């Protein structure tokens, strides 16, 4: 019965909001260390207390690693966002300068269709009625 209540309590405690994950990690690591020390030392209270302290330190080390990873991810995302903003600003300025210079975005292009001869001077043959398109940019 005690084991069932303890399991339910741990499940409810560990599924609460994410801000308690640090507390849960440290508590479970300390409890696990104490249980391991108690079972290996045949109930010696000094070893049990030392094992609980070691488990707590292990939990804090895990928490520190998780915090460092979260900070690194945040910094990388922030830098990526700044980089994207700078690129976006650059292209906005380039587009504004193109408009001011009168170049615009659409280039003026003329397409001309002209018929090809049946045979070129070097002997190449074209099917009758063949045409080519000449593109001239202004």
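I'd like to verify a number: residues in the range 48-107 that are within 20 Å of the chain's Cα centre (by Cα) and closer than 30 Å to residue 27 by Cβ, how many?
Total satisfying the criteria: 11.
For the range 101-137, what are the residues that are under 30 Å from residue 91 (Cβ atoms) and modelled with pLDDT of 75 or more?
The answer is 110, 111.
Filter the range 1-60 for residues that are exposed (fewer than 10 other Cβ atoms within 10 Å of the Cβ) and modelled with pLDDT of 85 or more and give the result.
42, 46
Any residue that is in contact with a strand residue (DSSP E or B) (Cβ under 7 Å, 6 or more places away or on another chain) and not in a helix (DSSP H, G or I) - is there at least one of those in the range 93-107?
yes
The values are calculated or read from the model by the stated rules, or taken from the named source; none is laboratory data. As the structure is a prediction and not an experimental result, all values here were calculated from the model. FYI the Cβ positions are ideal-geometry reconstructions off the backbone, even for glycines, and counts take in every protein chain you see.
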